[in-house]
1. Going by how many other beta carbons lie within 10 Å of each one, how would you line up B:Asp66, B:Asp114, fewest first?
2. Take every residue in peptide A:317-324, count the Cβ atoms of other chains within 10 Å of its Cβ, and give the average of those counts.
3. Within chain B, what percent of beta bridges assigned by DSSP are antiparallel, to the nearest 5?
4. Cα to Cα, under 27 Å, and not fewer than 8 places away if on the same chain: which lysines meet these conditions relative to A:Lys265?
5. Over the alpha-carbon set of the range A:305-401, work out the extent along each principal axis and list the three values in angstrom, largest first.
6. Using Cα-Cα distances under 8 Å and only pairs 6 or more residues apart, what relative contact order does chain A have, in percent?
7. Would you list A:Arg223, A:Arg182 from fewest to most Cβ contacts within 10 Å?
8. When the expected Rg is taken as 2.2 N^0.38 Å, what fraction or multiple of it is the alpha-carbon Rg of the range A:74-168?
Amino acid sequence: MKTFDVLRFSFRAATGYPARTLLTLLAMAIGVGAVILLTALGEGARLYVTREFTSLGTHLLIAIPGRSETTGGPPPLLGETPRDLTLEDALALKRSSAIRRVAPVAIGSAPVAWQQLEREATIMGSTAEMFDIRQLSMAQGRFLPAGNPSRGSAVCVLGHKIKRELFGNSSPLGERVRIGGRRFRVIGVIAAKGQSLGLDMGDIAIIPVASAQMLFNTSSLFRILIQAGGREAVPRAKKTILKIIQDRHEGEDDVTVITQDALLKTFDRIFNALTLTVGGIAAISLAVAGILIMNVMMISVSQRKTEIGLLKAIGSPRSQILRLFLSESALLSLIGSFLGVVLALVGTWASLRFYPNFPVTIPWWALTSATVVGVLTGLVFGVLPARRAAGLEPVEALSRR
Amino acid sequence: MIELKGIGRSFQVGTEAVHALQAVDLTVRGGEYLSVMGPSGSGKSTLLNIIGLLDRPDSGLYRLDDVNATELNDTQQAAVRRHKIGFVFQFFHLVPRLTAAENVELPLILAGVDPNERKKRLDQALEALGIADRARHRPDQLSGGQRQRVAIARATIMRPGIILADEPTGNLDRTSGNDVLDILENLNKEGKILVMVTHDPELGRRARRQIQMFDGRIGSDSGKSA
């Protein structure tokens, strides 16, 4: 029997019982569609987080005072207080070729006041390089001027929220605000960028790092943001930072350096696991669809007993009957899988239409593997009914109408 | 040529073994017209099924055209059914979702015959049985006589040497029954062996050789000497 004729016969057999065929196709389509759509959602979540992280700045490293990694041993008997990171530490990092920019960060909280209005805000002390590292943009005016970071001038940059609360719609440029009792001239307003890493950039006032240290009466830094010279320079930069700080801290290895890549990788792993889990759950519906195909084919075999007996009488060997019924379930699952793909495409299209910010993307591996698994499911679950059909005794199959 | 020697076949019905055939000897030569009669349960259908390789005997030897048919495997038996035997059933057994033409074409498709050749033979067969104008109708749109003609066209399209008919007129009125019988007898005149099972003595008498069966044995055989 020619392959084309096998396919045509199976197709005619499938279209001969439209209700049964449509229900099977529906189940298969939902199974395959669910697998693809759910993995697409997982993939979308991953991309979303990745994008959020990239908005922090590129090739970013963060140095934090103290070793926050646990080594597993018992705590030291004598207290090991971590040395503070100082402005000098930060400036020393600039000497490395792997590092492009360094922004020391000192953070505190103080009231910001203009005329009769006063508001508690996060005060961040930093340098001009912060602007490029965090990829900020200005709504008005300019950012902190470059210059000697250890000399604090009395200027400040406001977040957009504070600016609105203190000044309303009028321009704050050139006005003097009081921050913790000292007067600072407003030179710029940061454009709204949203929240990044839990710090609301709208609810902040940025002043030169030396001024902040003076204001909070401290010589230590909250952390140091470092931008490496490029993606491949990140590991080298990390090593250099540890080395420089260790040298400056009398051989003590007492800072932690977090790379953005490491954070990203962690999230990547988490979301990959999530995607696989969700995909796995959806795969159950695929298995259910497979079992449905098996049921439907079983019913089909008993409905078409006479036909099978007849095929045998006019010269079909077992192998041919097996082939006919297997190709029918393969055909059902193939068309069902195709419909599932269409369903998933429509689903992602709709999702992108209603939530354009959430990048739902169908990973190609999910598309192909769901389709392949769908067809395989149909084949595997088609084996039992096909074998039953092939094994029918022709006399018995033909005996009664 | 059909040669049966000592054929036995029994079925298990509940706890009892029913002997459908017991030590049946039968030889049918090329071109013979044979009717098998007998009350129901006498084993005439089982005999026909064994001749048609739809059923295997428990004992005995069946030689078909000098080949030991009992020793063939499933694929070989299927090939024999395909090329040497044509079945005509009481209930027609047409595939309901296929048109008349497609039902007739089915054996050719299963045998993997080339589409052009298929078309040619199909047209001939439909023409020969006078159902060309019904070719595109489905079985439920055909009368009983027409259905049986379609079934006969299907049985003969592979040009087999043996036609096995199990109560071919059992579901037809007298007129169309006679028509169908005429068609079958014409096939016999072309040289095909025709074995017809019937419980109607009047129809059975039309055959040149008549066999009566009782309790799984051949009671009388008008052509045994021949």
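Nothing in this text is a laboratory measurement; each read-out follows from the coordinates by a stated rule. All values derive from a computational prediction rather than experimental measurement. Because the Cβ atoms are built from the backbone with ideal geometry, glycine has one as well, and the counts that use them run over all protein chains shown.
1. Listed from fewest to most nearby Cβ atoms, that is B:Asp66, B:Asp114.
2. For peptide A:317-324, the averaged partner shielding equals 3.
3. The antiparallel fraction comes to roughly 55 percent.
4. A:Lys94, A:Lys193, A:Lys238, A:Lys239, A:Lys243
5. Taking max minus min along each principal axis of the Cα atoms, the range A:305-401 gives 65, 25, 17 Å.
6. Dividing the mean separation by the residue count of chain A yields 30 percent.
7. Ranked by crowding around the Cβ, least crowded first: A:Arg182, A:Arg223.
8. For the range A:74-168, the normalised Cα radius of gyration comes out at 1.39.
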